[in-house]
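The values are calculated or read from the model by the stated rules, or taken from the named source; none is laboratory data. All figures in this text were calculated on a predicted structure; none of them were measured in a lab. No Cβ is skipped: glycine too gets one built from the backbone with ideal geometry, and neighbour counts run over all protein chains shown. Keep in mind that these areas ignore ligands, DNA and RNA; they rest on the heavy atoms of the full protein, side chains included. Shrake-Rupley method; radii C 1.70, N 1.55, O 1.52, S 1.80 Å.
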Amino acid sequence: MALQCRRGQTWKYFQDQRRIVDYVLAFNGEDENAEAKQRRAIYQRNLESEGLQIEMENCQRIHFVKIHVPENVLSHYCEIMKMQMPMKKLENQDKIIMRDFSIQSTLVRLFRRPLFNFVIIDRQKFAPPEYRLMYEYSRDKPYLFDDREQNFFTPSIRIAVAHFILERTYFSEAVEEKKDIGIRRLMEDQVYLDAYPLHDGCTDLRSSCQRALLLEEWASISKWIKHQPLDHIKEYFGVKIAMYFAWLGFYTHMLIPASVVGLICFFYGLLTYPANRISQEICDDNGTIMCPQCDKYCDYWYLRTTCNISKLAHIFDNEMTIVFSIFMSVWATLYLEMWKRYSSRIQHRWGITEYCSLAEPPRPQYLSRLKNIKKMMFNIATGAQEPSPPFWTKKFPSFLYSYSVIFLFILLTIAAVFGIVVYRMSLMTSKNIYGDGGSVSGKLIIFPATTAAINLLASTALTYAYQYVAEYMTNVEYRRTQTEYNESLNLKIYLFEFVNYYSSIFYIAFMKGKFPGYPAKYNRILHLRQEECSPGGCLMELCIQLAIIMVGKQAIGAITEILIPFLVQKFKEFRSVLGIDAGSAENGERLICCNQWTKDFNLINWHDRSLFNEYLKMVIQYGFITIFVVAFPLAPFFALLNNVFETRLDAKKFLLYYKRAVPQRVRDLGIWYNIMHVVGKVAVISSAFIIAFSSNFIPRLMYMNVVNPTGTDEGFVNHTLAYFNVSHFEANAAPENSTFSNITICRYSEYRNPPDDPRPYKRPSIYWQILAIRLTFVVIYQNLVSFVQIVVAWAIPDVPTKLQDQIKREQYLTNEYIIEQEKLKMALSGTGGCGDVGGSVAGSRYAQNGCVASEDSSPDDEKANYGSIADDNEYPLRMQTDDCEPYAAYGIVTSRV
């Protein structure tokens, strides 16, 4: 029977206006496909057999299946999903949190809040959560939980349970067909158009809903300076999205000291560049004639034409460079260690300290590929037997195939960068670049800026093509859980993006101008001369490349990430209102928004990969501000500005333009933390090599202490320029039409003997001395900074001592309470062991712990639909492993009684 829409009365409810809609399925009511109808009928019948309550709405072209999860189903699946739920308030729990009387805490209480009240969120609107102990939900321990409380099962839990059932329900009569399972497969086959939970049905403060409050107080740009209401974000979106915003906020705050030091370094160079002797010598030089920068078409040029660029180079290449690079290397370690310490508090507060991805059920796609596999594996976390693919015949070939294709695409990216390098070298022969008109200094800025823009466009285009390939290759692999699948895909795409965005910068930092040869014998690639650095070094060009790619990427991302979702959402809404896709007007061609499910239908779909792009942008940015920050000290400042707006734009996007995300549990950042840890190590090596080989720091130091008896850098520029007799030019290298006359000697940036030396154009001893000092500096710098990083990591414990003590007290109090209650239950049962309660014998799985089943439990309730897992009614004690229990090393392990 087609239900009529009642505007406003059933905005988020069934027609009885009592049962709330937890999840919605949408399909085209005009679809005449008999197979799709049969699949929908079987699927919805199986959903009802799982205990879900369903109501159809057929009053428009798009038909909606409204789903409500009753409380008995919620309690059953919360136990299966091992949800950490808030316990009843225990008698002595207020004594657990001890007041900290340390000097640090006293100073914080006295000075922090009065000085920084303007950044604290409004506690009247975002009340701090009540302190509650968390414990893994069990219906056998009704004395722990007040599950009859109205809001005990929060909307995020209701959505998570509904999604869990939808992903694991069959849509075929043949249950042995394990591939016929889950809403994901039905959507791929267009049986359903969409499946989504509902947003709160308001977007303004006139309604007291959480979404409106978050839009007003969190997603507003005007609130950029305020802290984020992380607990409320977690309640609305779930732990996974809340963890992202917690990390983004922490990372943004940590950028403040890095930005301050970077600005100090920049202004130091800006204030001291007029007194820079290198630029003074270049600007005051009137007679030094430089050798041509390309073959045939390029003419000789005066050294003084690089006056301006030499002044700019000093801003980024000065005495503060080493201080700043050491600071950023230590900052990277401090940031990661402080994040672990900060996140440990969040993990404990949100009840995810003991969460382990091994406890996740297998992906339906994984089980469907293993339907004929007889080999079984015991899962130590779930205590169930699961099919396992053979390593040598299934897993290894799939991994080899997958990563071979990924490696091929990475090589393709390197080839694209090589093509840009060749393009740069070919332009050196163009009169349009180095012909008549224009200064050499101006061309040295415009030329790298143009190629950097081309590189940005090429890398962006390659990204879109590669993502499809990476996803396909990950599907080839045997990834058991969705977390494993996501992390494998994350690693593949990051490896590609690392090469895609950083390869051209690595070329300028470590390759350009290092092996150009000399006018009598240039080193060539495809018969083209290699690029040379200006007399001031390549650091200025590296800075230009970094600024354009980093700032350009951030600008494009900021515009597209809010503009594209807005346009896509408006287009979908416009199409639905006009009924463009309608084939018949019998039930009305237009999709009229008279409730929350029709309103949300026009929003952009949220999927597992939606959060990936947000992490990727930030981790790529993190690489810019650590690996290459020596060349661009303003990078942390630009990153800080970007992130301040990124946080609020992401919030607005998730709340307004995307369907509500399914809440997911995670314990930490996953593979992203490991990636940032590796990037921090790479940054130390990169900084050492950039200072040693791309800047003038080492040659200038050697000149002042070894060559120049006065101990100053006077005459340093002349010292770095070698002499060349123009009669020794190799074929087709000398200028064809020169405006200079009577030129016999020109200069070039190299350490080589003059033409009248017994060993003309060979390397002098000073070159080898400088090379040795450079390599020595790299070794000393790397080991010194690495030692400081180790000391910092050792000095900062991952978990605060106060939190460790609190966890121990909580577990002791909880265990004592459970023991007391179990003794009371056994006394009431009148037996010495597990007895008969409510006329039923307790299951044997609790006999070893002295526990009895709850009165409302039944054999049917103990069965869970895990796809192909046979014995999911077995719940042995979870064994503590290093991978799953972060506090095991401290002796903090939750007892299972």
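Quick rundown of the values:
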read-out	value
Cut-off under 5 Å, modelled amide H: who pairs with residue 13 long-range	21
Mean accessible surface per residue for segment 275-362, computed with a 1.4 Å probe while every protein chain stays in place, in Å²	35 Å²
Segment 639-666 and segment 485-554: distance between their alpha carbon centers, rounded to Å	32 Å
Accessible surface of segment 753-829, 1.4 Å probe, proportion on carbon and sulfur as whole %	65 percent
Lys, Arg +1 and Asp, Glu -1 on Cβ, resulting dipole of segment 624-761 about Cα centre, debye, nearest 20	1280 debye
Whole-number accessible area per residue in Å² for segment 637-691, which is evaluated in the context of all protein chains at 1.4 Å	30 Å²
Segment 683-704-segment 54-72 distance, computed between alpha-carbon centres (Å)	67 Å
For segment 722-801 and segment 230-291, distance of Cα centres in Å	27 Å
HN-Hα J in Hz across segment 778-791 - Karplus 6.51, -1.76, 1.60, θ = phi - 60°, x for Gly and Pro	4, 5, 5, 4, 4, 5, 5, 5, 4, 5, 4, 4, 5, 5
Packing-based ranking, highest mean first, of 394-403, 79-88 given that Cβ atoms within 10 Å are counted	79-88, 394-403
Where GluC sites (Glu not before Pro) fall in DSSP loop in segment 641-736, at most 10 other Cβ within 10 Å	736
Segment 258-355: trypsin sites (Lys or Arg not before Pro) in DSSP coil with no more than 15 other Cβ atoms inside 10 Å	296
Geometric extent, Cα atoms of segment 151-282 - Rg, Dmax (angstrom)	25.8, 86
Rounded to whole Hz, the Karplus (6.51, -1.76, 1.60) HN-Hα couplings of segment 73-90, x for glycine and proline	6, 4, 5, 4, 7, 4, 5, 5, 7, 6, 6, 7, 10, x, 7, 4, 6, 7
Unsatisfied cross-links (Cα-Cα over 29 Å) in the set 89/223; 340/681; 681/762	89/223; 681/762
Selection of trypsin sites (Lys or Arg not before Pro), segment 728-820, meeting DSSP coil and at most 16 other Cβ within 10 Å	762
